[in-house]
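The values are calculated or read from the model by the stated rules, or taken from the named source; none is laboratory data. Small disclaimer: the values here were computed from a predicted structure and weren't measured. For neighbour counting, all protein chains shown are included, and Cβ atoms are generated from backbone atoms with ideal geometry for every residue, glycine included. Note: areas computed on protein heavy atoms with side chains; ligands, DNA, RNA excluded. Shrake-Rupley method; radii C 1.70, N 1.55, O 1.52, S 1.80 Å.
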Amino acid sequence: MFIISRFRVQARFSVFCRRYSQTFANMSSERALKRGSACPPPHGPGKLRLYSMRFCTYAQRTRLFLAAKGIEYETINIHLREKPEWFLEKTPIGKVPVLEKDGKIVYESLVCNEYLDGIYPDKCITPRDPLEKARQSMVLALWDTKVAGFYSKLVRGTKEDERPAVAKQFVDGLQYIENALTQPFFSGDKAGALDYNLWPWFERFSMLKNCAGVEVSADKFPKLTAWMGRMLELPEVKACFFSPEVHDQYGKTLLAGKSDYDLGLEE
Amino acid sequence: MPSERAMKTGSACPPPPGPGKLRLYSMRLCPYAERTRLFLAAKGIEYETVNIHLKEKPEWFFEKTPIGKVPVLEKDGKIVYESLVCNEYLDGIHPDKCITPRDPLEKARQSMVLALWDAKVVGFYYKLITGKEDERPALTKQFVDGLQYIENALTQPFFSGDKAGALDYNLWPWFERFCMLKHVGFELSVDKFPKLTAWMERMLQLPEVKACYFSPEVHGQFGKSWMSGTPDFDVGLEE
């Protein structure tokens with residue numbers, strides 16, 4: 001009788017430990033959480049959580065800021081085609097990145113990034129000078145209007161006969177960005193907000209080559225090419241980096257309509 | 001300078017504004033430009049206006065801004081475009097009577113409400129105005145569902161608190177134009193949207209809103225001219 005009781009106590013204690021560690025330990029799941037998944041309990045007081053997707057360009061903007069500023073955080077990846085219901089309660093727009101801290105939610109990549117500079121003001125990346133801040137915002141507006149849409153069309157699959165026209169629009173638009181680069185980095189001597197906010201698409205330019213035959217040549221874009229070389233040396237960029245091979249593999253799953261958000265993770 | 005008439009293709013580029021003087025490139029009925037006009041009025045900033053013909057844009061305008069949209073600010077050779085960027089820039093160079101929130105979370109909150117507006121409401125507003133009659137019921141539902149998010153975001157007398165602030169001015173222009181939705185069957189009901197209805201009343205009392213205001217009749221006239229394919233950017237101006 002005594003022996004059986006002791007085992008029961010040990011069994012209950014093990015269950016308690018498992019539940020305790022699940023609740024309070026780091027909740028980071030690299031695997032994308034889907035519809036039907038349980039809402040992860042909030043991260044501890046004062047702790048930062050990022051809702052993300054490993055291959056999302058917009059989420060990478062925020063991951064770059066977090067790396068550049070040396071902020072600790074945990075990540076929950078979201079399955080973007082089968083979004084968990086609880087995710088839509090956090091953000092009605094339902095996109096990543098989303099930051100969560102002490103019950104406060106912030107979404108939209110540029111809003112998240114400026115917010116991070118606001119709550120962690122040392123090592124400030126967002127420019128303080130009003131004209132410089134406006135200039136960086138305008139380059140991003142040019143990116144959105146003149147480049148991003150054509151980039152998207154090219155990687156998501158454009159009909160072969162439409163490709164030359166879309167490729168031309170992409171290259172023409174990219175010229176504005178080339179022209180905006182007048183120093184080693186978009187932000188000056190060192191990388192800053194605008195560099196990190198633009199980088200994710202440049203990291204994926206191999207996808208343009210392989211999906212659409214569009215190459216960003218050093219002849220046509222000498223400044224951007226040199227900038228890309230500098231960015232690839234930075235620790236914060238390396239920390240968030242996926243290789244061209246991985247991006248191309250992911251890109252293929254995207255083209256097939258079955259994005260593999262967990263690509264590269266061990267089973 | 002100042003003709004209010006919209007400048008067209010083929011017009012001469014106006015000489016730059018004098019040193020230290022602010023110029024706004026605008027269009028009298030543009031809601032995005034109205035955001036900046038509201039900030040300028042609220043902050044009591046002096047400026048001159050050059051209106052742009054948005055269907056036959058002057059070539060020189062594209063040299064100032066490759067995106068080719070209003071509003072655009074020009075001062076001492078510096079150009080700023082994009083309504084929200086213009087507005088934050090104004091607070092940056094005229095820091096007294098600051099409208100943009102300084103607290104990081106409040107600033108983020110206001111930006112997120114504008115993101116909700118963009119994602120859930122504004123697209124359906126334009127689709128309703130320009131869309132076909134049989135599409136109206138579905139579009140109206142999407143518009144109304146989206147507007148609920150904005151109603152829910154209003155938890156104080158103004159979006160910014162006790163007094164009007166950045167978010168109030170950045171949202172206002174479309175509410176001023178809700179009269180244009182009447183002819184597609186939408187009216188803002190005080191039952192469904194009590195807080196927004198009350199907020200609109202408060203906004204209409206403010207001098208800065210009155211200074212930028214056009215009546216439902218003028219908005220209606222402009223809307224008709226737009227739908228006919230020949231927008232009258234000079235509507236209401238004397239010949």
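Key figures for this structure:
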quantity	calculated
Hey, A:S152 away from chain B (no Cβ under 12 Å) and under 28 Å from B:M112 (Cβ atoms) or not	yes
From the options B:G165, B:G161, residue that is under 26 Å from B:G44 (Cα atoms) and under 16 Å from the mean Cα position of the chain (by Cα)	B:G165
From A:P121, A:P127, residue being outside any helix (DSSP H, G or I) and closer than 18 Å to A:A180 by Cβ	A:P127
Some residue of the stretch B:43-52 being farther than 25 Å from B:F233 by Cα, within 14 Å of chain A (Cβ to nearest Cβ), open to solvent by 10 Å² or more (accessible area, probe 1.4 Å) and assigned to a helix (DSSP H, G or I)	yes
Residue within the stretch A:78-97 that is in contact (Cβ under 8 Å) with a residue 60 or more places away in the chain and under 25 Å from A:K133 (Cα atoms) present	no
Condition check for B:K120: away from chain A (no Cβ under 14 Å) and not aliphatic (A, V, I, L, M)	no
Subset of the stretch B:87-101 [assigned to a helix (DSSP H, G or I) and either within 18 Å of B:P16 (Cα to Cα) or more than 9 Å from every other protein chain (Cβ to nearest Cβ) (or both)]	B:N87
Subset of the stretch B:88-107 that is touching a Pro at 6+ places or on another chain (Cβ under 9 Å) and not aromatic (F, W, Y) - its residue that is surrounded by the fewest Cβ atoms within 10 Å (Cβ to Cβ)	B:P95
Qualifying residues in the stretch A:133-187 (those that are in contact with a Leu (Cβ under 6 Å, 6 or more places away or on another chain) and of a type in the set (G, A, S)) - the one farthest from A:L232 (Cα to Cα)	A:G157
Boolean, A:G36 is open to solvent by 50 Å² or more (accessible area, probe 1.4 Å), on the phi > 0 side of the Ramachandran plot and at pLDDT 50 or above	yes
Residues of the stretch A:73-86 that turn out to be more than 16 Å from the chain's Cα centre (by Cα) and either aliphatic (A, V, I, L, M) or part of a loop (DSSP other than H, G, I, E, B) (or both), as a count	4
Selected residue (criterion: surrounded by the most Cβ atoms within 10 Å (Cβ to Cβ)) from residues of the stretch B:108-117 that are more than 16 Å from the chain's Cα centre (by Cα) and facing chain A (nearest Cβ under 7 Å)	B:A108
Residues located in the stretch A:240-267, provided they are among the aliphatic types (A, V, I, L, M) and exposed (fewer than 14 other Cβ atoms within 10 Å of the Cβ)	A:A256, A:L265
The stretch A:151-176, residues that are open to solvent by less than 40 Å² (accessible area, probe 1.4 Å), under 19 Å from A:S217 (Cα atoms) and either of a type in the set (F, W, Y) or not in a helix (DSSP H, G or I) (or both)	A:Y151, A:F170
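This table checks each residue for (1) among the basic types (K, R); (2) farther than 18 Å from B:A164 by Cα; (3) at pLDDT 95 or above; (4) open to solvent by 90 Å² or more (accessible area, probe 1.4 Å).
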{"residue": "B:L188", "(1), (2), (3), (4)": "no, yes, no, no"}
{"residue": "B:F193", "(1), (2), (3), (4)": "no, yes, yes, no"}
{"residue": "B:A211", "(1), (2), (3), (4)": "no, no, yes, no"}
{"residue": "B:S215", "(1), (2), (3), (4)": "no, yes, yes, no"}
{"residue": "B:G229", "(1), (2), (3), (4)": "no, yes, no, no"}
{"residue": "B:D232", "(1), (2), (3), (4)": "no, yes, yes, no"}
{"residue": "B:G236", "(1), (2), (3), (4)": "no, yes, no, no"}
{"residue": "B:E239", "(1), (2), (3), (4)": "no, yes, no, yes"}
